[in-house]
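Everything below concerns the one structure shown next.
The values are calculated or read from the model by the stated rules, or taken from the named source; none is laboratory data. Model, not experiment: these values are computed from the prediction. Note that each Cβ is placed from the backbone with ideal geometry, even for glycine, and that neighbours are counted across all protein chains shown. Just so you know, the surface numbers come from the protein's heavy atoms only, side chains and all, with ligands and any DNA or RNA stripped out. Shrake-Rupley method; radii C 1.70, N 1.55, O 1.52, S 1.80 Å.
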Amino acid sequence: MIPFPAEAQISPQGAIEIEQGGKLWIEGSASIVDYRCQAERLSGNGTIENTGNPQENVKGHGAVTISVSIPVYSLECGRKAMNNDMYKALKAGEYPSISYKLLHAILVDSTTSSVDQLNNWMNIKTTGVLEIAGAQDTTQVYVKGKLLSDDRFRVKGRKQISMKTYDIKPPTALLGLIKASNELTVYFDVTVRLKSS
């Protein structure tokens, strides 16, 4: 949770959710080919403390939390064999979802360098817990956020992760002739909206 000054005017807490149409995908490389796996389903719910002025939540005048879930079997890599290799590597039978829980989000700084005045994009530092294949890691991600309206906020960014962190054996094919790199990058572009009361 983000600490806020006692004198700040905080509106009642509200529920938030990720809108349909959000995008999340994984990109990586193997010995002879690059790959991309798109999440065909993702969902997220949480709370926002300052509903009267949502943008202030990342400026220290309120708090926001959200939990995101991605079904492993919703990852689509373009080929059935590649899908199956990915599901096996991610231990989908035992751990059917990838999850992320946002713990803390705050504007990087209050200068113009952190806010694109032309496009109103803000640079935000987030801290959260990412769980993949049953292993958890607390991670920081720098994202860009933009207030679309009083009740909608767009967030986009990317994070490079190592499969070793989550005890994942990189997928292989053709008896080990094709082996994926340990490093991959997660990209996301989602819109969070305030639920109606």
Checklist entry - List the pairs whose first member sits in the range 118-133 and is under 11 Å from Gly157 (Cβ atoms) and open to solvent by less than 40 Å² (accessible area, probe 1.4 Å), whose second member is modelled with pLDDT of 90 or more and β-branched (Val, Ile, Thr), and whose Cβ atoms are under 8 Å apart, counting only residues at least 6 apart or on separate chains? => result Ile124/Val143; Ile124/Val155; Thr126/Val141; Thr126/Val143
Next on the checklist: List pairs: first residue in the range 74-91 and assigned to a helix (DSSP H, G or I), second residue modelled with pLDDT under 90 and open to solvent by 50 Å² or more (accessible area, probe 1.4 Å) anywhere in the structure, Cβ distance under 8 angstrom, at least six positions apart or on different chains.
Outcome noted: Asp85/Thr172; Ala89/Lys169
Item to check | Selection from the range 93-123 of residues that are in contact with a Phe, Trp or Tyr (Cβ under 8 Å, 6 or more places away or on another chain) and at pLDDT below 90 | outcome: Val108, Val115
Checklist outcome for this item: The number of residues in the range 140-193 that are of a type in the set (Gly, Ala, Ser) and at pLDDT 90 or above is 3
Checklist outcome for this item: Counting only residues in the range 1-43 that are open to solvent by 50 Å² or more (accessible area, probe 1.4 Å) and assigned to a strand (DSSP E or B), the one modelled with the lowest pLDDT is identified as Asp34
